[in-house]
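Below is one structure, written out as structure tokens, with a few remarks after it.
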Amino acid sequence: MNDDALKDLARRAGIATEWEDFAGKPHVVSPDVLRRMLAALGLPADTRGELAASRRALSRRSSVADLAPLVTATSGRPTRLDIGGNEAQPAQIKLERGGTRDISLVPARGRLRVPAITETGYHRLLIEDREIVLAVAPPRCREVDDVVPDGRLWGLATQVYGLRHAGDGGIGDASGIARLAEAAAGRGADAMALSPLHALFTAEPARFGPYAPSSRLFLNPLHAAPGLVFDASMMRQALADSGVQAALAAQEDKALIDWPAAAEAKLGLLRALFDLFVDGPELDGPLGADFARFRAEGGPLLAEHTCFEALHAEQMPMSDWREWPVDLRNPASAAVAAFAQARRREVLFHAFLQWVADRSLGLAQERAREAGMRVGLIGDMAVGMAPSGSHAWSRQADVLLGLTIGAPPDLLNPRGQEWGLTSFSPRALTEGGYAPFIATMRAVMRNVGGIRVDHAMGLTRLWLVPDGASPADGAYLTYPVTDLLRLLALESSRHGAVVIGEDLGTVPAGFHAQLEQAGVHGMRVLWFERDEEGFGQPDSWQRTAVAMPSTHDLPTIAGWWTGRDIEIRAEHHRLGEGVKPETVAAERAQDRPLLWTAMVEAGLTSGPPPAPETPETVVDAALQFVARTESPLCLLPLEDVSGTPEQPNLPGTVDEYPNWRRRLETDVTSLFDDPTITRRIETIATIRPRQ
């Protein structure tokens, strides 16, 4: 078979056949990788016949019958359809909020064009005998400036699992979120960014990485706060019935979360609550009616997820659904339907867990807003989902089974990275009217005032690796970024949610500008706002991006100054191939004075740099340094506010480092009793006063 024909098909499908590494060295993607990626896209190319058929499937058609089921547009601007034509054609618009409008599709450069529609929404466009969705988006996402014009807001960034409070059972929950949000709001904070709350694997609590979810459509019930939903008497009864009070108390005393033990105790309490609820009078009251509404609104997606959860527990220890008996791998099979019917109470239990998690998070957002936060909670959306999880099982056609997301080789990871996640198929998105993407946006924007899109570059391209291949043996796959950004803007507007895109690292040319044009706030982090000469002054930071001193994957301020991050990376062999700890330590010894000088020049401190083992004044000055930027929103991680040297996650490790396990040393309600934390927060509030 001609490799040129294979490469041409790959390029037509959006696969880059060549790429350039961090050192500028060009690479050519192998034919085997191209075939495997094409197969995952539903475009087999192992034979001449398959290649020809796949080429025909991608051939551009221009008839009304070939229109995609959903077309995006920007409010007030005409949009071209993929329909050829040299003469005007009549059509009709049915507006989402009611009303019908006759329009004329006018030819423009060989294609028919829909005239400008000012009303945003999911309208219906009728052309001949076809009816498609015309999604008209506002020009930009909701921005911080829409919340507070010309504002300079600040907030905290928190790892939800670590929010300690009495009664949390050893895992931070929505009650801890609400309590911390209220306390921070009382000191001038307008936002609180959360670690991801996506659904993980209830039957497998050892899989607790928040960025490797089973589904982004639902929540992790271990972060539910049933005490926000049910009254105290019912909670006491459930504690007594469950017999887990001592186990919960034991977990609360730990510095590091024991996820399996804490999950067992917390799920025991939730099951006792479920039994009391469905077998008692509450089911016929307002809460029962609310539960019924939640299930009805959840529809097939909720039914599929809750069935998966029950089935996954039944099939353990066979964790991966791709290894289950064949008839259970298909969610539409008779065997799965029979299981759901036979175990309907268990399926209902998982719906109950989702309801409690959803309602308690909603109540936390209400309390944050009522306390004075003008944005409130900011959710975090992972870049993908586990191929062995609920979404991949429920909607197999949505995702790229057989491919995992990663990153090409770089200086720190010369072999590349493979993240164990899959994502949406771009062909499935366009052919399915973007339903999976829209459902995900609605899920993550529910009950929050904003979202952070992890690895936002995934809106335009992803590095994908065939299962079993080396991470270096992958390729970039492009996504319909214009459509995705328009849909993101439409859902952002409808939910009143500010959007932040994590755009750190290797970014395609022009992508920063695309995000800014779409009203997506980028992220700027202290450690990257520098060059060989030193650290940039606060007024040099991008004014439309969110400012942070660090992130969960990077050193804390105290960790960087003390060199604790170097010690940890060296201990776990994460310095880079052939890199010696003493080399990195010597570089850090040169970098410390550069940061200190920048902070002195900003008028935030004075004198010589403190010793590495005394980072307190550095933490003070660095927090103020970031707060001094012109960014519309400054987010300060709790680890930095408290001066913690340990970072929440060490990329490239699993069990070697206590990723996603550290709990706050103090209760969230007494966090601001610490005079150092209070002093730092008061200083930030002075720099960024609430208007």
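The values are calculated or read from the model by the stated rules, or taken from the named source; none is laboratory data. None of these values were measured; they are calculated from a predicted model. Don't worry about glycine lacking a Cβ; one is built from the backbone with ideal geometry, like all the others, and counts go over all protein chains shown.
Scanning region 1-26 for residues that are exposed (fewer than 15 other Cβ atoms within 10 Å of the Cβ), out of contact with any Lys or Arg (no Cβ under 8 Å at 6 or more places or on another chain), at pLDDT below 95 and outside any helix (DSSP H, G or I) gives Asn2, Glu20, Phe22, Ala23, Gly24, Lys25, Pro26. Sub-6 Å Cβ pairs linking a first residue in region 527-551 that is assigned to a strand (DSSP E or B) to a second residue that is of a type in the set (D, E, K, R) and surrounded by 15 or more Cβ atoms within 10 Å (Cβ to Cβ), at least 6 apart or interchain, are Ala547/Arg524, ordered by first then second residue.
For region 644-691, enumerate the residues that are part of a loop (DSSP other than H, G, I, E, B), among the charged types (D, E, K, R) and farther than 17 Å from Gly176 by Cβ. Glu646, Asp655, Glu656, Arg688, Arg690 - these are the residues of region 644-691 that are part of a loop (DSSP other than H, G, I, E, B), among the charged types (D, E, K, R) and farther than 17 Å from Gly176 by Cβ. Among the candidates Ala435, Ala368, Ala456, Ala428, the residue that is surrounded by 20 or more Cβ atoms within 10 Å (Cβ to Cβ), closer than 30 Å to Gln315 by Cβ and among the aliphatic types (A, V, I, L, M) is uniquely Ala428. Kindly indicate whether any position in region 98-111 is without any contact (Cβ under 8 Å) to a residue 60 or more places away in the chain, loosely packed, with under 12 Cβ neighbours inside 10 Å and closer than 30 Å to Leu400 by Cα. No, that holds for no residue.
What about Arg574, is it within 28 Å of Glu613 (Cβ to Cβ) and more than 17 Å from the chain's Cα centre (by Cα)? The answer is yes for Arg574. When we screen Arg374, Arg369 for residues that are within 26 Å of Leu197 (Cβ to Cβ), at pLDDT 95 or above and in contact with an Asp or Glu (Cβ under 6 Å, 6 or more places away or on another chain), the only hit is Arg374.
Among residues of region 425-470 being under 15 Å from the mean Cα position of the chain (by Cα) and assigned to a loop (DSSP other than H, G, I, E, B), the one that is farthest from Gly362 (Cα to Cα) is His455. Listed by first and then second residue, the pairs with beta-carbon distance under 6 Å, at least 6 apart or on different chains, first residue in region 563-583 and over 17 Å from Tyr657 (Cβ atoms), second of a type outside the set (Phe, Trp, Tyr), are Glu577/Pro414.
For region 71-84, filtering for residues that are assigned to a loop (DSSP other than H, G, I, E, B) and surrounded by 18 or more Cβ atoms within 10 Å (Cβ to Cβ) leaves 1.
Looking across region 477-515, the residues that are part of a loop (DSSP other than H, G, I, E, B) and either farther than 16 Å from Glu143 by Cα or within 16 Å of the chain's Cα centre (by Cα) (or both) come down to Tyr479, Pro480, Ala497, Glu502, Asp503, Leu504, Gly505, Thr506, Val507, Pro508, Ala509, Gly510.
Selection of first residues in region 667-691 that are aromatic (Phe, Trp, Tyr) and of second residues that are assigned to a loop (DSSP other than H, G, I, E, B) and surrounded by 13 or more Cβ atoms within 10 Å (Cβ to Cβ), restricted to Cβ pairs under 8 Å at least 6 apart or on distinct chains, gives the following pairs, ordered by first then second residue: Phe672/Arg187.
The set of residues in region 527-548 that are in contact with a strand residue (DSSP E or B) (Cβ under 9 Å, 6 or more places away or on another chain) and among the acidic types (Asp, Glu) contains only Glu529. Selection of helices (runs of 4 or more DSSP H) fully inside region 253-362 by the criterion of at least 3 residues being in contact (Cβ under 8 Å) with a residue 40 or more places away in the chain and over 30 Å from Asn659 (Cβ atoms) returns 259-278, 286-315.
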